[in-house]
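**Student:** Got a structure for you, written out below as C-alpha cells; questions coming shortly.
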Ligand code: PLP
C-alpha cells in the first residue's frame with residue numbers, strides 16, 4: 001500500500017484562503033457521488049479494486065479513508081502546510097514521531113510538558129534506548145551544551161502545560177536547522193488559530209485534536225502536520241504500519257467542530273483575558289500563569305509568535321494545602337472539574353493529581369506544578385457567569 005494520493009478536494013487552492021475560509025472549506029468539496037455539501041461519513045473498512053491495485057486511491061481504512069482525508073487536508077491547510085495525518089489520540093501522534101528514532105538517539109525537550117508526554121518519553125521510549133534531556137528552553141541557547149551527534153529530535157510544547165512557559169520557536173528552529181535536527185512543536189494550547197509553528201521553522205506540528213480543534217469535548221484525536229514530503233512518507237509509514245488511526249465518525253465530528261474554530265478561539269481569548277486580569281488581583285491567588293501579561297518572562301516572544309494569548313490560565317492558591325486546594329477545585333458550578341481542555345465549556349483541573357499525576361512530585365515541583373496549582377480552561381460561556389462562579393468558588 002502506498003501513501004494516499006487520493007483527495008476529495010483536487011480543485012482547491014487553499015494557500016489563497018484566509019483562516020476562517022480554510023476552517024470551513026479546506027479539504028472539503030461537495031461529495032462527488034451525491035453532491036452532499038457535508039463530507040459523508042465513509043463508514044467502510046475496505047474499497048473495491050477493479051483489478052489488484054486498480055482503485056481510486058483508497059485500499060483499506062487503516063491507511064486511508066475519505067472522511068479522514070478531508071480532515072487531514074483541512075488540518076494541513078490550517079497550519080499552512082501540505083500534509084496532515086490524523087491519529088486516534090494526541091498520544092498516538094506523539095508515539096508516531098518517536099518511532100522515527102533509533103535506539104541510542106537523543107531527544108531534547110522542555111522541562112514543563114503535558115504529563116502524558118513526559119510519561120511516554122520516560123516510561124516507554126527510554127526502555128527502547130532513547131535518551132531524553134528535559135531542559136529549561138525559555139532561552140533556546142540552553143540546548144547547546146546537550147547537543148551531540150546522537151541528538152536527532154527536539155520536542156517543544158508552547159505555551160507549556162500547565163505553567164504557560166513560552167518557547168521561542170524561531171530561536172529553537174535556528175539551532176535545529178543548523179544541526180539538522182527534527183523540530184516538533186506540540187501546538188495544542190495555541191491551536192492553529194493563534195500560532196503556526198511551521199511558518200516559524202518547525203518540521204512537524206503535533207496537535208491533541210481532542211482540545212481546541214475538536215472543541216466540543218466529544219472526540220479524542222491527534223494530528224501531525226508537516227510540509228516535508230520525506231517526513232510525511234516516514235510518518236505515514238508508521239501511521240499505517242502501527243495503526244493508531246481514527247474512524248470516520250470521529251473525523252466527521254472534528255470536521256464539523258473545526259468550522260467554528262476561529263469563532264471559538266476569539267471567544268476563548270476574550271474570556272481568557274478578562275479572567276486572567278480578574279484573577280491577577282484576587283486576594284486568594286498567589287501566582288498566575290498566562291502569557292498575555294507584560295510581566296510574563298517571555299511576553300515579547302508570545303507577542304511575536306502568537307496572534308492572541310488563549311484561554312488557558314493556571315493559578316496557585318495563597319496559603320492553600322492539598323485539602324484546601326481540593327475544596328476550592330470542587331466548589332465551582334459553571335466550571336467543571338475534569339481532565340482535558342479546549343472545549344466550549346469551562347473546565348478546572350488539578351494538574352498534580354490529574355493531568356500531570358504521572359510526573360514525580362520532585363520533578364513537577366521544580367517547574368512550579370505544586371499541590372496548590374489549578375489550571376483553568378476558559379470556555380465560551382457568558383463572561384459574567386464565569387466571573388461570578390470564580391468569585392463564589394474562591395471564597
Ligand atoms: N499534548 C498536550 C499539550 C495535551 O494537553 C494533551 C492532552 O491533554 C496531549 C498532548 C495528549 O493528547 P490526547 O489526550 O488527545 O492523547
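The values are calculated or read from the model by the stated rules, or taken from the named source; none is laboratory data. Predicted model, so just to flag it, every value in this text is computed and none were measured. A quick note on method: Cβ atoms are made from the backbone with ideal geometry, for glycine too, and the neighbour counts reach across all protein chains shown.
**Student:** Please work out which one of (1) crowded, with 19+ Cβ neighbours inside 10 Å; (2) in contact (Cβ under 8 Å) with a residue 40 or more places away in the chain; (3) more than 16 Å from the chain's Cα centre (by Cα) is the condition residue 176 fails and give its number.
**Tutor:** Condition (2) is where residue 176 drops out.
**Student:** May I ask you to list the residues in segment 277-315 that are closer than 29 Å to residue 199 by Cβ and in contact with a strand residue (DSSP E or B) (Cβ under 7 Å, 6 or more places away or on another chain)?
**Tutor:** Pass one, segment 277-315, residues closer than 29 Å to residue 199 by Cβ: 289-314.
Passing the criteria: 289, 290, 311, 312, 313, 314.
**Student:** Examine segment 114-129 for a residue that is under 14 Å from the mean Cα position of the chain (by Cα) and surrounded by 21 or more Cβ atoms within 10 Å (Cβ to Cβ), and state whether such a residue exists.
**Tutor:** Of all residues in segment 114-129, those under 14 Å from the mean Cα position of the chain (by Cα) come to 114-117.
The next check asks that each one be surrounded by 21 or more Cβ atoms within 10 Å (Cβ to Cβ); those that pass are 114, 117.
Among the residues of segment 114-129, at least one is under 14 Å from the mean Cα position of the chain (by Cα) and surrounded by 21 or more Cβ atoms within 10 Å (Cβ to Cβ), which makes the answer yes.
**Student:** Scan segment 262-272 residue by residue and report those that are surrounded by fewer than 24 Cβ atoms within 10 Å (Cβ to Cβ) and touching a helix residue (DSSP H, G or I) at 6+ places or on another chain (Cβ under 6 Å).
**Tutor:** Correct list: 262, 271.
**Student:** Can you tell me which residue within segment 327-349, out of those that are crowded, with 16+ Cβ neighbours inside 10 Å and assigned to a helix (DSSP H, G or I), is farthest from the chain's Cα centre (by Cα)?
**Tutor:** Among those residues, the one meeting the criterion is 328.
**Student:** Which of the residues spanning segment 79-97 are away from the ligand (no atom under 13 Å from the Cβ) and over 14 Å from the mean Cα position of the chain (by Cα)? Steps first, answer last, please.
**Tutor:** Here is the first cut: in segment 79-97, the ones away from the ligand (no atom under 13 Å from the Cβ) are 79-85.
Of everything in segment 79-97, those that are away from the ligand (no atom under 13 Å from the Cβ) and over 14 Å from the mean Cα position of the chain (by Cα) turn out to be 80, 81, 82, 83.
Let's see how each residue does on (1) buried (at least 24 other Cβ atoms within 10 Å of the Cβ); (2) away from the ligand (no atom under 16 Å from the Cβ); (3) at negative phi; (4) at pLDDT 95 or above:
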| position | (1), (2), (3), (4) |
| --- | --- |
| 184 | yes, no, yes, yes |
| 187 | yes, no, yes, yes |
| 190 | yes, no, yes, yes |
| 207 | yes, no, yes, yes |
| 230 | no, yes, yes, yes |
| 244 | no, no, yes, yes |
| 248 | no, yes, yes, yes |
| 286 | no, yes, yes, yes |
| 293 | no, yes, yes, yes |
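**Student:** Restricting the search to segment 209-227, which residues are in a strand (DSSP E or B) and more than 16 Å from the ligand (Cβ to nearest atom)? Can you show your working first?
**Tutor:** From segment 209-227, those in a strand (DSSP E or B) are 222-226; that's our starting set.
Scanning segment 209-227 gives a single hit, 226.
**Student:** Between a residue in segment 111-126 that is within 15 Å of residue 375 (Cβ to Cβ) and within 9 Å of the ligand (Cβ to nearest atom) and any residue that is at pLDDT 95 or above and assigned to a helix (DSSP H, G or I), which pairs come within a Cβ distance under 6 Å, given they are 6 or more apart or on different chains?
**Tutor:** Once the first residue is within 15 Å of residue 375 (Cβ to Cβ) and within 9 Å of the ligand (Cβ to nearest atom) and sits in segment 111-126, its partners that are at pLDDT 95 or above and assigned to a helix (DSSP H, G or I) give 116/91.
This table checks each residue for (1) near the ligand (Cβ under 10 Å from one of its atoms); (2) surrounded by fewer than 21 Cβ atoms within 10 Å (Cβ to Cβ); (3) under 23 Å from the mean Cα position of the chain (by Cα); (4) closer than 18 Å to residue 226 by Cα.
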site	(1), (2), (3), (4)
99	no, yes, yes, yes
105	no, yes, no, no
135	no, yes, yes, no
148	no, yes, no, no
153	no, no, yes, yes
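**Student:** Using the structure shown, decide if residue 54 is away from the ligand (no atom under 16 Å from the Cβ), surrounded by fewer than 19 Cβ atoms within 10 Å (Cβ to Cβ) and over 26 Å from the mean Cα position of the chain (by Cα).
**Tutor:** Taking the combined requirement at face value, the residue satisfies it.
**Student:** Consider only pairs whose beta carbons are under 6 Å apart and that are at least six residues apart or on different chains; among these, list those whose first residue lies in segment 378-395 and is without any contact (Cβ under 8 Å) to a residue 24 or more places away in the chain and whose second residue is surrounded by fewer than 19 Cβ atoms within 10 Å (Cβ to Cβ).
**Tutor:** So the pair list comes out empty.
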